[in-house]
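J.: I have a structure here, written as C-alpha coordinates, and I will follow up with some questions on it.
The values are calculated or read from the model by the stated rules, or taken from the named source; none is laboratory data. Please read all numbers here as calculations on a predicted model, not as lab measurements. Cβ atoms come from the backbone with ideal geometry, glycine included; neighbour counts cover every protein chain shown. When the accessible area is computed, the model is the full protein with side chains, heavy atoms only, and any ligands, DNA or RNA have been set aside. Shrake-Rupley method; radii C 1.70, N 1.55, O 1.52, S 1.80 Å.
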2 protein chains.
Amino acid sequence: MMAETRDRIIVATNELFRRQGYNGTSLSQISEAANATIGSIYHFFPGGKEALGVAVIETTGEMFRELFESIANEAPGPAEAYVAFFAGAGTVLAESGYIDPCPIGTIAREVANVSEPLRVAASNAFASWISAATRHLTNAGIPTEQAEQLAHVFVATVEGTFVLSRTQRSTAPLESAGRCVSRLVTLAIDETQRTPTP
Amino acid sequence: MMAETRDRIIVATNELFRRQGYNGTSLSQISEAANATIGSIYHFFPGGKEALGVAVIETTGEMFRELFESIANEAPGPAEAYVAFFAGAGTVLAESGYIDPCPIGTIAREVANVSEPLRVAASNAFASWISAATRHLTNAGIPTEQAEQLAHVFVATVEGTFVLSRTQRSTAPLESAGRCVSRLVTLAIDETQRTPTP
DNA sequence: CCGTGTCTAGAACGATGGTTCTAGACTCCG
DNA sequence: CGGAGTCTAGAACCATCGTTCTAGACACGG
(Lines give C-alpha, C1' and ligand atoms only; values in the text may rest on other atoms or scores of the structure.)
Protein backbone atom coordinates (compact mmCIF):
# COMPACT_ATOMS: atom_id res chain seq x y z
CA MET A 1 0.00 0.00 0.00
CA MET A 2 2.74 2.39 0.91
CA ALA A 3 5.12 1.52 -1.92
CA GLU A 4 2.22 1.70 -4.36
CA THR A 5 1.56 5.38 -3.75
CA ARG A 6 5.25 6.21 -3.73
CA ASP A 7 5.65 4.51 -7.07
CA ARG A 8 2.64 6.31 -8.52
CA ILE A 9 4.18 9.61 -7.48
CA ILE A 10 7.51 8.78 -9.09
CA VAL A 11 5.95 7.56 -12.32
CA ALA A 12 3.69 10.59 -12.64
CA THR A 13 6.52 12.97 -11.84
CA ASN A 14 8.76 11.29 -14.36
CA GLU A 15 6.24 11.85 -17.12
CA LEU A 16 5.53 15.44 -16.13
CA PHE A 17 9.23 16.28 -15.96
CA ARG A 18 9.70 14.76 -19.40
CA ARG A 19 6.91 16.87 -20.80
CA GLN A 20 7.52 20.23 -19.14
CA GLY A 21 10.79 20.08 -17.24
CA TYR A 22 11.55 20.44 -13.56
CA ASN A 23 10.68 24.08 -12.94
CA GLY A 24 7.72 23.90 -15.27
CA THR A 25 6.04 21.22 -13.18
CA SER A 26 4.21 22.09 -9.97
CA LEU A 27 3.52 19.89 -7.00
CA SER A 28 -0.19 20.40 -7.49
CA GLN A 29 0.12 18.95 -10.99
CA ILE A 30 2.04 16.00 -9.63
CA SER A 31 -0.50 15.53 -6.89
CA GLU A 32 -3.33 15.43 -9.40
CA ALA A 33 -1.56 13.18 -11.91
CA ALA A 34 -0.50 10.70 -9.26
CA ASN A 35 -3.81 10.65 -7.40
CA ALA A 36 -1.96 11.54 -4.25
CA THR A 37 -2.33 14.56 -2.05
CA ILE A 38 0.46 17.00 -1.49
CA GLY A 39 0.63 15.75 2.07
CA SER A 40 1.44 12.28 0.72
CA ILE A 41 4.19 13.64 -1.47
CA TYR A 42 5.83 15.29 1.52
CA HIS A 43 5.35 12.17 3.57
CA PHE A 44 7.32 10.05 1.12
CA PHE A 45 9.76 12.77 0.14
CA PRO A 46 10.41 14.93 3.19
CA GLY A 47 13.04 16.76 1.19
CA GLY A 48 10.29 18.19 -1.01
CA LYS A 49 10.47 18.69 -4.74
CA GLU A 50 14.24 18.41 -4.88
CA ALA A 51 14.28 15.03 -3.16
CA LEU A 52 11.52 13.84 -5.46
CA GLY A 53 13.62 14.96 -8.41
CA VAL A 54 16.59 13.00 -7.14
CA ALA A 55 14.44 9.89 -6.78
CA VAL A 56 13.10 10.29 -10.32
CA ILE A 57 16.61 10.66 -11.71
CA GLU A 58 17.88 7.60 -9.85
CA THR A 59 14.95 5.44 -10.92
CA THR A 60 15.16 6.50 -14.54
CA GLY A 61 18.92 6.14 -14.57
CA GLU A 62 18.71 2.53 -13.48
CA MET A 63 15.88 1.81 -15.87
CA PHE A 64 17.81 3.05 -18.90
CA ARG A 65 20.95 1.23 -17.85
CA GLU A 66 19.03 -2.04 -17.63
CA LEU A 67 17.37 -1.32 -20.96
CA PHE A 68 20.72 -0.79 -22.62
CA GLU A 69 22.16 -3.95 -21.13
CA SER A 70 19.22 -6.09 -22.21
CA ILE A 71 19.35 -4.71 -25.75
CA ALA A 72 23.12 -5.22 -25.84
CA ASN A 73 22.72 -8.83 -24.70
CA GLU A 74 20.02 -9.66 -27.20
CA ALA A 75 21.72 -8.06 -30.20
CA PRO A 76 23.72 -10.39 -32.51
CA GLY A 77 26.81 -8.18 -32.19
CA PRO A 78 28.07 -4.95 -30.66
CA ALA A 79 27.49 -2.87 -33.78
CA GLU A 80 23.88 -4.03 -34.09
CA ALA A 81 23.21 -3.19 -30.46
CA TYR A 82 23.56 0.54 -31.02
CA VAL A 83 21.40 0.59 -34.11
CA ALA A 84 18.74 -1.26 -32.15
CA PHE A 85 18.99 1.10 -29.19
CA PHE A 86 18.50 4.23 -31.27
CA ALA A 87 15.76 2.61 -33.31
CA GLY A 88 13.91 1.68 -30.13
CA ALA A 89 14.25 5.20 -28.79
CA GLY A 90 12.83 6.55 -32.05
CA THR A 91 9.77 4.34 -31.78
CA VAL A 92 9.13 5.38 -28.19
CA LEU A 93 9.59 9.03 -29.05
CA ALA A 94 7.21 9.01 -32.00
CA GLU A 95 4.59 6.94 -30.18
CA SER A 96 4.56 9.31 -27.23
CA GLY A 97 3.92 12.35 -29.41
CA TYR A 98 7.53 13.50 -29.08
CA ILE A 99 7.61 13.80 -25.33
CA ASP A 100 11.19 13.64 -24.10
CA PRO A 101 12.13 10.00 -23.52
CA CYS A 102 14.44 10.98 -20.67
CA PRO A 103 13.92 13.50 -17.88
CA ILE A 104 17.52 13.39 -16.69
CA GLY A 105 19.09 15.53 -19.39
CA THR A 106 16.30 18.09 -19.10
CA ILE A 107 16.66 18.43 -15.34
CA ALA A 108 20.44 18.51 -15.63
CA ARG A 109 20.41 21.43 -18.01
CA GLU A 110 17.89 23.34 -15.92
CA VAL A 111 19.50 23.02 -12.53
CA ALA A 112 23.11 21.84 -12.89
CA ASN A 113 24.29 25.21 -11.63
CA VAL A 114 21.54 25.66 -9.08
CA SER A 115 21.03 22.41 -7.17
CA GLU A 116 23.99 20.24 -6.28
CA PRO A 117 21.90 17.21 -5.22
CA LEU A 118 20.17 17.10 -8.59
CA ARG A 119 23.38 17.68 -10.51
CA VAL A 120 25.13 14.87 -8.66
CA ALA A 121 22.23 12.48 -9.21
CA ALA A 122 22.27 13.20 -12.94
CA SER A 123 26.03 12.86 -13.07
CA ASN A 124 25.83 9.46 -11.39
CA ALA A 125 23.15 8.27 -13.79
CA PHE A 126 25.23 9.26 -16.81
CA ALA A 127 28.31 7.68 -15.27
CA SER A 128 26.48 4.39 -14.83
CA TRP A 129 25.46 4.39 -18.50
CA ILE A 130 28.99 5.21 -19.58
CA SER A 131 30.50 2.43 -17.54
CA ALA A 132 27.88 -0.04 -18.77
CA ALA A 133 28.68 0.84 -22.38
CA THR A 134 32.42 0.76 -21.69
CA ARG A 135 32.10 -2.72 -20.21
CA HIS A 136 30.11 -3.84 -23.21
CA LEU A 137 32.71 -2.50 -25.63
CA THR A 138 35.75 -3.88 -23.84
CA ASN A 139 34.03 -7.26 -23.80
CA ALA A 140 33.92 -6.94 -27.58
CA GLY A 141 37.70 -6.61 -27.56
CA ILE A 142 38.10 -2.84 -27.81
CA PRO A 143 40.90 -1.45 -25.64
CA THR A 144 39.74 0.34 -22.51
CA GLU A 145 40.73 3.86 -23.43
CA GLN A 146 39.06 3.75 -26.80
CA ALA A 147 36.00 2.03 -25.32
CA GLU A 148 35.59 4.83 -22.80
CA GLN A 149 35.81 7.38 -25.56
CA LEU A 150 33.14 5.61 -27.58
CA ALA A 151 30.93 5.22 -24.53
CA HIS A 152 31.11 8.97 -23.88
CA VAL A 153 30.13 9.68 -27.44
CA PHE A 154 27.33 7.13 -27.31
CA VAL A 155 25.72 8.65 -24.23
CA ALA A 156 26.23 12.19 -25.49
CA THR A 157 24.69 11.28 -28.81
CA VAL A 158 21.70 9.70 -27.11
CA GLU A 159 20.98 12.85 -25.14
CA GLY A 160 21.71 15.07 -28.11
CA THR A 161 19.45 13.24 -30.52
CA PHE A 162 16.68 13.34 -27.94
CA VAL A 163 16.76 17.14 -28.01
CA LEU A 164 17.09 17.31 -31.75
CA SER A 165 14.48 14.74 -32.67
CA ARG A 166 12.02 16.12 -30.17
CA THR A 167 12.44 19.71 -31.27
CA GLN A 168 12.22 18.88 -34.95
CA ARG A 169 9.56 16.25 -34.45
CA SER A 170 11.44 13.77 -36.59
CA THR A 171 13.19 10.50 -35.91
CA ALA A 172 15.76 11.10 -38.65
CA PRO A 173 18.49 12.31 -36.26
CA LEU A 174 18.06 9.16 -34.18
CA GLU A 175 18.50 6.94 -37.20
CA SER A 176 21.57 8.83 -38.39
CA ALA A 177 23.05 8.56 -34.93
CA GLY A 178 22.43 4.82 -34.75
CA ARG A 179 24.23 4.28 -38.04
CA CYS A 180 27.18 6.52 -37.14
CA VAL A 181 27.77 5.15 -33.66
CA SER A 182 27.53 1.63 -34.99
CA ARG A 183 30.05 2.50 -37.70
CA LEU A 184 32.46 3.84 -35.10
CA VAL A 185 32.14 0.64 -33.13
CA THR A 186 32.76 -1.69 -36.08
CA LEU A 187 35.69 0.48 -37.08
CA ALA A 188 37.20 0.15 -33.60
CA ILE A 189 36.70 -3.61 -33.62
CA ASP A 190 38.29 -3.95 -37.06
CA GLU A 191 41.32 -1.99 -35.90
CA THR A 192 41.62 -4.15 -32.83
CA GLN A 193 41.56 -7.32 -34.89
CA ARG A 194 44.20 -6.01 -37.27
CA THR A 195 46.53 -5.28 -34.38
CA PRO A 196 45.81 -7.98 -31.81
CA THR A 197 46.87 -7.51 -28.22
CA PRO A 198 50.52 -8.53 -27.82
CA MET B 1 19.83 54.29 -27.29
CA MET B 2 16.91 52.03 -27.95
CA ALA B 3 18.84 49.15 -29.48
CA GLU B 4 21.34 49.36 -26.64
CA THR B 5 18.80 48.50 -23.96
CA ARG B 6 17.21 45.83 -26.10
CA ASP B 7 20.60 44.22 -26.59
CA ARG B 8 21.39 44.38 -22.89
CA ILE B 9 18.12 42.58 -22.18
CA ILE B 10 18.87 39.84 -24.68
CA VAL B 11 22.42 39.32 -23.48
CA ALA B 12 21.40 39.18 -19.82
CA THR B 13 18.53 36.83 -20.59
CA ASN B 14 20.79 34.58 -22.61
CA GLU B 15 23.15 34.15 -19.71
CA LEU B 16 20.39 33.59 -17.16
CA PHE B 17 18.68 31.00 -19.36
CA ARG B 18 21.99 29.21 -19.77
CA ARG B 19 22.48 29.12 -16.04
CA GLN B 20 19.00 28.27 -14.76
CA GLY B 21 16.81 27.51 -17.71
CA TYR B 22 13.67 29.20 -19.01
CA ASN B 23 11.19 28.50 -16.24
CA GLY B 24 13.84 28.95 -13.60
CA THR B 25 14.48 32.53 -14.65
CA SER B 26 12.13 35.33 -13.61
CA LEU B 27 11.54 38.64 -15.29
CA SER B 28 12.61 40.44 -12.14
CA GLN B 29 15.99 38.69 -12.34
CA ILE B 30 16.31 39.67 -15.98
CA SER B 31 15.32 43.22 -15.17
CA GLU B 32 18.01 43.45 -12.53
CA ALA B 33 20.75 41.77 -14.57
CA ALA B 34 20.06 43.91 -17.62
CA ASN B 35 19.69 47.18 -15.75
CA ALA B 36 16.31 47.63 -17.37
CA THR B 37 12.92 47.90 -15.74
CA ILE B 38 10.21 45.37 -16.36
CA GLY B 39 8.36 48.09 -18.22
CA SER B 40 11.27 48.29 -20.65
CA ILE B 41 11.22 44.56 -21.19
CA TYR B 42 7.56 44.68 -22.11
CA HIS B 43 8.17 47.70 -24.30
CA PHE B 44 10.72 45.85 -26.44
CA PHE B 45 9.02 42.48 -26.19
CA PRO B 46 5.28 43.04 -26.08
CA GLY B 47 4.82 39.29 -26.30
CA GLY B 48 6.32 38.97 -22.82
CA LYS B 49 8.65 36.27 -21.66
CA GLU B 50 7.84 33.94 -24.53
CA ALA B 51 8.71 36.55 -27.17
CA LEU B 52 11.91 37.35 -25.32
CA GLY B 53 12.77 33.66 -25.34
CA VAL B 54 12.21 33.49 -29.09
CA ALA B 55 14.52 36.47 -29.61
CA VAL B 56 17.21 34.88 -27.46
CA ILE B 57 16.98 31.64 -29.40
CA GLU B 58 17.18 33.40 -32.76
CA THR B 59 20.14 35.54 -31.73
CA THR B 60 22.05 32.62 -30.25
CA GLY B 61 21.23 30.41 -33.20
CA GLU B 62 22.75 32.87 -35.65
CA MET B 63 25.75 33.45 -33.42
CA PHE B 64 26.60 29.75 -33.24
CA ARG B 65 26.10 29.26 -36.96
CA GLU B 66 28.52 32.10 -37.69
CA LEU B 67 30.97 30.71 -35.16
CA PHE B 68 30.89 27.30 -36.83
CA GLU B 69 31.36 28.79 -40.27
CA SER B 70 34.31 30.90 -39.23
CA ILE B 71 35.98 27.95 -37.52
CA ALA B 72 35.29 25.78 -40.56
CA ASN B 73 36.84 28.38 -42.86
CA GLU B 74 39.95 28.86 -40.79
CA ALA B 75 40.64 25.16 -40.22
CA PRO B 76 43.19 23.51 -42.54
CA GLY B 77 40.72 20.76 -43.46
CA PRO B 78 37.20 19.48 -42.71
CA ALA B 79 38.36 16.93 -40.16
CA GLU B 80 40.34 19.50 -38.19
CA ALA B 81 37.37 21.86 -38.13
CA TYR B 82 35.34 19.60 -35.87
CA VAL B 83 38.17 18.94 -33.47
CA ALA B 84 38.67 22.71 -33.22
CA PHE B 85 34.99 23.35 -32.66
CA PHE B 86 34.66 20.92 -29.77
CA ALA B 87 37.95 22.07 -28.28
CA GLY B 88 36.75 25.68 -28.35
CA ALA B 89 33.49 24.71 -26.71
CA GLY B 90 35.42 22.93 -23.98
CA THR B 91 37.49 26.01 -23.23
CA VAL B 92 34.40 28.21 -23.04
CA LEU B 93 32.62 25.72 -20.81
CA ALA B 94 35.46 25.36 -18.35
CA GLU B 95 36.16 29.08 -18.22
CA SER B 96 32.55 29.92 -17.47
CA GLY B 97 32.41 27.57 -14.49
CA TYR B 98 30.43 24.99 -16.46
CA ILE B 99 27.50 27.18 -17.31
CA ASP B 100 25.67 25.82 -20.32
CA PRO B 101 27.25 27.22 -23.49
CA CYS B 102 23.91 27.14 -25.29
CA PRO B 103 20.46 28.10 -24.02
CA ILE B 104 18.64 26.66 -27.00
CA GLY B 105 18.81 23.01 -26.09
CA THR B 106 17.78 23.76 -22.52
CA ILE B 107 14.75 25.78 -23.53
CA ALA B 108 13.84 23.20 -26.15
CA ARG B 109 13.73 20.37 -23.66
CA GLU B 110 11.75 22.41 -21.16
CA VAL B 111 9.02 23.71 -23.40
CA ALA B 112 8.99 21.77 -26.68
CA ASN B 113 5.63 20.31 -25.74
CA VAL B 114 4.27 23.44 -24.12
CA SER B 115 5.07 26.44 -26.33
CA GLU B 116 4.94 26.15 -30.09
CA PRO B 117 6.67 29.50 -30.78
CA LEU B 118 9.68 28.50 -28.70
CA ARG B 119 9.78 25.00 -30.15
CA VAL B 120 9.69 26.35 -33.70
CA ALA B 121 12.42 28.90 -32.98
CA ALA B 122 14.66 26.17 -31.57
CA SER B 123 13.89 23.90 -34.47
CA ASN B 124 14.86 26.63 -36.95
CA ALA B 125 18.11 27.30 -35.12
CA PHE B 126 19.07 23.64 -35.20
CA ALA B 127 18.07 23.39 -38.85
CA SER B 128 20.34 26.31 -39.75
CA TRP B 129 23.28 24.63 -38.05
CA ILE B 130 22.54 21.35 -39.80
CA SER B 131 22.36 22.97 -43.21
CA ALA B 132 25.55 24.94 -42.57
CA ALA B 133 27.39 21.75 -41.63
CA THR B 134 25.87 19.89 -44.57
CA ARG B 135 27.06 22.60 -46.95
CA HIS B 136 30.51 22.46 -45.44
CA LEU B 137 30.68 18.68 -45.84
CA THR B 138 29.37 18.55 -49.39
CA ASN B 139 31.96 21.18 -50.30
CA ALA B 140 34.53 18.70 -49.05
CA GLY B 141 33.23 16.19 -51.57
CA ILE B 142 30.94 14.09 -49.40
CA PRO B 143 27.69 13.08 -51.13
CA THR B 144 24.63 14.98 -49.95
CA GLU B 145 22.81 12.17 -48.20
CA GLN B 146 25.81 11.15 -46.17
CA ALA B 147 26.70 14.76 -45.44
CA GLU B 148 23.25 15.36 -44.00
CA GLN B 149 23.57 12.31 -41.80
CA LEU B 150 26.92 13.50 -40.49
CA ALA B 151 25.58 16.99 -39.93
CA HIS B 152 22.72 15.60 -37.85
CA VAL B 153 25.13 13.62 -35.74
CA PHE B 154 27.43 16.61 -35.38
CA VAL B 155 24.72 18.89 -34.04
CA ALA B 156 23.27 16.18 -31.82
CA THR B 157 26.69 15.43 -30.41
CA VAL B 158 27.31 19.09 -29.70
CA GLU B 159 24.11 19.36 -27.69
CA GLY B 160 24.68 16.01 -26.02
CA THR B 161 28.21 16.72 -24.93
CA PHE B 162 27.09 20.07 -23.51
CA VAL B 163 24.74 18.24 -21.13
CA LEU B 164 27.25 15.57 -20.28
CA SER B 165 30.28 17.79 -19.80
CA ARG B 166 28.30 20.28 -17.79
CA THR B 167 26.73 17.69 -15.52
CA GLN B 168 29.99 15.87 -14.92
CA ARG B 169 32.04 19.05 -14.80
CA SER B 170 34.59 17.63 -17.19
CA THR B 171 35.64 18.44 -20.72
CA ALA B 172 36.51 14.82 -21.47
CA PRO B 173 33.23 14.09 -23.32
CA LEU B 174 33.83 17.12 -25.56
CA GLU B 175 37.29 15.91 -26.50
CA SER B 176 36.07 12.40 -27.20
CA ALA B 177 33.30 13.79 -29.36
CA GLY B 178 35.70 15.96 -31.34
CA ARG B 179 37.89 13.01 -32.13
CA CYS B 180 35.00 10.73 -33.07
CA VAL B 181 33.16 13.20 -35.28
CA SER B 182 36.40 14.09 -37.01
CA ARG B 183 37.11 10.40 -37.58
CA LEU B 184 33.66 9.94 -39.13
CA VAL B 185 34.33 12.85 -41.47
CA THR B 186 37.75 11.63 -42.64
CA LEU B 187 36.26 8.18 -43.12
CA ALA B 188 33.52 9.61 -45.33
CA ILE B 189 36.02 11.61 -47.37
CA ASP B 190 38.25 8.56 -47.85
CA GLU B 191 35.32 6.52 -49.10
CA THR B 192 34.35 9.28 -51.50
CA GLN B 193 37.84 9.47 -52.93
CA ARG B 194 38.00 5.70 -53.40
CA THR B 195 34.75 5.73 -55.37
CA PRO B 196 34.75 9.03 -57.28
CA THR B 197 31.49 10.40 -58.65
CA PRO B 198 30.76 8.78 -62.02
C1' DC C 1 8.06 76.35 -26.77
C1' DC C 2 5.21 72.92 -28.00
C1' DG C 3 3.71 68.40 -28.79
C1' DT C 4 4.52 63.81 -30.64
C1' DG C 5 6.75 59.48 -30.22
C1' DT C 6 9.89 56.63 -27.79
C1' DC C 7 11.29 54.79 -23.65
C1' DT C 8 11.35 54.17 -18.37
C1' DA C 9 9.50 54.00 -13.52
C1' DG C 10 7.15 51.50 -10.42
C1' DA C 11 2.76 50.44 -8.19
C1' DA C 12 -0.97 47.07 -8.54
C1' DC C 13 -3.23 42.73 -10.10
C1' DG C 14 -4.78 37.99 -9.49
C1' DA C 15 -2.79 33.51 -9.60
C1' DT C 16 0.09 30.10 -8.24
C1' DG C 17 4.53 28.52 -6.37
C1' DG C 18 6.65 25.28 -2.56
C1' DT C 19 6.20 24.40 2.05
C1' DT C 20 4.23 23.65 6.72
C1' DC C 21 0.89 22.18 9.92
C1' DT C 22 -2.86 20.07 12.32
C1' DA C 23 -6.53 16.64 12.13
C1' DG C 24 -8.38 12.71 10.79
C1' DA C 25 -8.51 7.88 8.66
C1' DC C 26 -6.65 3.56 8.16
C1' DT C 27 -4.06 -0.85 9.31
C1' DC C 28 -2.53 -4.22 12.22
C1' DC C 29 -0.62 -6.36 16.35
C1' DG C 30 -1.87 -7.09 21.18
C1' DC D 1 -11.62 -3.11 21.72
C1' DG D 2 -7.46 -0.23 21.74
C1' DG D 3 -3.83 2.35 20.78
C1' DA D 4 0.71 2.94 18.06
C1' DG D 5 2.31 3.71 13.60
C1' DT D 6 1.56 4.82 8.91
C1' DC D 7 -0.54 7.43 5.59
C1' DT D 8 -3.95 11.07 3.72
C1' DA D 9 -6.81 15.46 3.67
C1' DG D 10 -6.78 19.99 3.02
C1' DA D 11 -6.51 24.59 4.94
C1' DA D 12 -3.05 28.23 5.71
C1' DC D 13 1.49 30.54 4.96
C1' DC D 14 4.19 33.94 2.65
C1' DA D 15 6.70 34.77 -1.44
C1' DT D 16 6.96 35.42 -6.00
C1' DC D 17 5.33 34.75 -10.62
C1' DG D 18 4.04 37.06 -15.35
C1' DT D 19 1.39 40.67 -16.72
C1' DT D 20 -0.95 45.21 -16.98
C1' DC D 21 -1.45 49.99 -16.31
C1' DT D 22 -0.86 54.80 -15.63
C1' DA D 23 2.52 58.60 -15.20
C1' DG D 24 6.35 60.71 -16.13
C1' DA D 25 11.09 61.53 -18.48
C1' DC D 26 13.45 62.40 -22.51
C1' DA D 27 14.60 63.63 -27.40
C1' DC D 28 13.58 66.17 -31.34
C1' DG D 29 11.24 68.24 -35.57
C1' DG D 30 8.01 72.12 -36.15
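J.: Could you say which residue among A:Leu16, A:Leu27 is within 20 Å of A:Ser115 (Cα to Cα) and open to solvent by less than 30 Å² (accessible area, probe 1.4 Å)?
T.: A:Leu16
J.: Would you point out which residue out of B:Glu80, B:Glu66 is more than 14 Å from chain A (Cβ to nearest Cβ), surrounded by fewer than 16 Cβ atoms within 10 Å (Cβ to Cβ) and either part of a helix (DSSP H, G or I) or within 14 Å of DNA strand C (Cβ to nearest atom) (or both)?
T.: Step by step, each of B:Glu80, B:Glu66 is checked, and only B:Glu66 is more than 14 Å from chain A (Cβ to nearest Cβ), surrounded by fewer than 16 Cβ atoms within 10 Å (Cβ to Cβ) and either part of a helix (DSSP H, G or I) or within 14 Å of DNA strand C (Cβ to nearest atom) (or both).
J.: Ok, one more. Looking at the stretch A:10-31, which of its residues are part of a helix (DSSP H, G or I) and within 11 Å of DNA strand D (Cβ to nearest atom)?
T.: A:Leu27, A:Ser28, A:Ser31
J.: Given the conditions (1) of a type in the set (D, E, K, R); (2) out of contact with any Gly (no Cβ under 6 Å at 6 or more places or on another chain); (3) within 25 Å of B:Thr106 (Cβ to Cβ), which single one is not true for A:Glu159?
T.: (2)
J.: So A:Asn73 passes all but one of these: (1) closer than 25 Å to A:Ser170 by Cβ; (2) away from chain B (no Cβ under 14 Å). Which condition number does it fail?
T.: With respect to (1) closer than 25 Å to A:Ser170 by Cβ; (2) away from chain B (no Cβ under 14 Å), A:Asn73 is out only on (1).
J.: Could you give every pair whose Cβ atoms fall below 9 Å, whose first residue belongs to the stretch B:19-47 and is touching a residue at least 24 places away in the same chain (Cβ under 8 Å), and whose second residue is within 11 Å of DNA strand C (Cβ to nearest atom) and open to solvent by 70 Å² or more (accessible area, probe 1.4 Å), counting only separations of at least 6 or pairs across chains?
T.: B:Ala34/B:Arg8; B:Asn35/B:Arg8; B:Ala36/B:Arg6; B:Ala36/B:Arg8; B:Ser40/B:Arg6; B:Phe44/B:Met2; B:Phe44/B:Arg6; B:Phe45/B:Arg6
J.: Could you grab me the full set of residues in the stretch A:97-144 that are under 13 Å from the mean Cα position of the chain (by Cα), at the interface with another protein chain (Cβ under 7 Å from one of its Cβ atoms) and in contact (Cβ under 8 Å) with a residue 24 or more places away in the chain?
T.: Once the filter is applied, which keeps residues that are under 13 Å from the mean Cα position of the chain (by Cα), at the interface with another protein chain (Cβ under 7 Å from one of its Cβ atoms) and in contact (Cβ under 8 Å) with a residue 24 or more places away in the chain, the stretch A:97-144 yields A:Asp100, A:Gly105, A:Thr106, A:Ala122, A:Phe126.
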